[in-house]
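Read through the structure below, which is laid out as structure tokens, and then see the notes.
The values are calculated or read from the model by the stated rules, or taken from the named source; none is laboratory data. Here the structure is a predicted model, which means the values were calculated and not measured. Please note: Cβ atoms are built from the backbone with ideal geometry, for glycine as well, and neighbour counts cover all protein chains shown. What goes into the accessible areas is simple: the full protein's heavy atoms, side chains included, and nothing from ligands, DNA or RNA. Shrake-Rupley method; radii C 1.70, N 1.55, O 1.52, S 1.80 Å.
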Amino acid sequence: MTLQRHAPLHYISHRFVGPPGTGKTSITASLARALGRPFERISLGGVRDEAEIRGHRRTYVASGPGSIVQALKKAGRPDPILLLYDSRLLRLSRLLLTHFSDEIDKVGRDFRGDPSSALLETLDPEQNSTFRDNYLDVPFDLSKVLFICTANMLDTIPEPLRDRMEIIELQGYTEDDKAHIAERYLVPKQIEENGLTKEQIEIPEDAVRFISRHYTREAGVRNLERNIGTMCRKQARRIAEGKTEKLLVTCEVVQEFLGGIKIRIDTEIAERTKRPGVAVGLAWTPSGGEILFIEANKMKGKGGPPLLTGQIGQVMQESITVAHSWVRSNAQKLGISDEFFKDHDIHIHVPAGAIPKDGPSAGVTMATALVSLLKDTPVRPLTGMTGELTLSGNVLPIGGVKEKFLAAKRAGVKDIIFPADNRMNVEEDLTPEQLEGVNLHFCSMIEEVLEVALPGSRQEERQDAETRERVLSNA
């Protein structure tokens, strides 16, 4: 494909949506270089006043043009790239003015006006040719500006604003992706920025993978780059102390420089699923995907509704109720005594209690944890699952398939259960390289989920125990 820099275009606003550290800003900066346009930035963090965008009227003391007109003035051209950004976690957007707007999803409204409404005219290609800044008080043509925004999530962005943009999703990276990015970009960059040369330090791929696996848990590469920079600075200090020999970074050197292993993703799942009643779910977050442990316990009681803890939202509470009702209604088929529910209470907990959790996609995980508890059978090691459960036992499709898959793979999961209706999403969003080393199971009924997640014989239980011990002994 060939880019023609001066070809007439009808610019449509775009938005890059993805977890932090996945290269949304870098892509926009590269696009600006490819187009040969100037690149300016505007922060939208904490903007509450519409006049910050449209400008103040001249009757006010210290009034001036809005941030968009000021950026155009600084760029010196009517078609620069303008980055609107916010330093907070959830970013909206970068507008490629090419208007690069970062963090539009955090723009707020109050008595001083609604900045998001002021952006509607700016982002709409049908209206922005007559954009009116309050200070200039004359129509200003923004039609040559290409607006590109970035966001971590879309839920908080007003629908009219979202409707004026074409959304491009950027998913998180696999461990292989991170290793390639580090080898080609992050390691050379940090070596240069810390005043070192390749003759003074070498960070091989094995060390990068070790850092990614045991010192970061993220969809992007920000923390990976930060840790690589830390090791480079440690080597710079060693050289300043007179130790001038070249440093080859090994796993032992990483632990010496960065401290003990922070994340034991290879063993966490195997360790925590040793007891019955613990299952691994998959969750979507604005920062990418995460694994989610569901724990169930039983105690003598009066057979009341399940006790719920872990800052569980209303939708997730309803999912637990559905899972509990399904298990009770199918107790005889599952080999569970009907009398059990009369004199026992059940407690379901979702760890990381300080973090609010909600959504229907943990339904099958709840049911699996309950069946595992009541049958006194541990869930198979290195198995994760996601899917909404109905009272009839159907497994309904969920969203965030790629993010959840990548989170599971980062955590060492080898068997992943998805709803059958999500098969197309897996085929479209995931490459054969990403799927390598992971067994996918597509289920339409909860009975199929239980067949995969729980051992069906004593021999399978022994095999699961051996697998679990092997994983724990290799840690």
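Rounded to the nearest 10 square angstrom, ARG164 shows an accessible area of 60 square angstrom against a 1.4 Å probe.
Which shape class, rounded, prolate or oblate, goes with the range 283-347 when its Cα gyration tensor gives a ≥ b ≥ c as root eigenvalues, a/c under 1.5 marks rounded, and past that a/b bigger than b/c marks prolate? Because a/c hits 1.5 or more and a/b exceeds b/c, the range 283-347 counts as prolate.
ILE68 exposes around 0 Å² of accessible area when a 1.4 Å probe is run over every protein chain in place. The residues of the range 330-475 have, on average, 46 Å² of accessible surface per residue, using a 1.4 Å probe with all protein chains present. Taking Cα atoms, how many degrees apart are the long axis of helix 205-214 and the longest axis of the chain, rounded to 10 and kept between 0 and 90? That helix lies at roughly 70 degrees to the long axis.
Ordered from largest to smallest accessible area (heavy atoms of protein chains, 1.4 Å probe), the residues ASP141, ASP133 come out as ASP141, ASP133. The long axis of helix 458-473 is offset from the longest Cα principal axis of the chain by roughly 50 degrees. In whole percent, and with a 1.4 Å probe on the protein chains, what portion of the accessible area of the chain is carbon and sulfur? C and S atoms contribute 50 percent here. Relative contact order of the chain, taken over Cα pairs closer than 8 Å and 6 or more residues apart, is 13 percent. Computed from Cα positions, the angle between helix 363-374 and the longest principal axis of the chain comes to roughly 30 degrees. Take each peptide in 323-331, 191-199, count the other Cβ atoms within 10 Å of every residue, and average; sorted highest first, the result is 323-331, 191-199. Accessible area ranking (1.4 Å probe, heavy atoms, ligands and nucleic acids excluded), largest first, for LYS404, LYS274, LYS234: LYS274, LYS234, LYS404.
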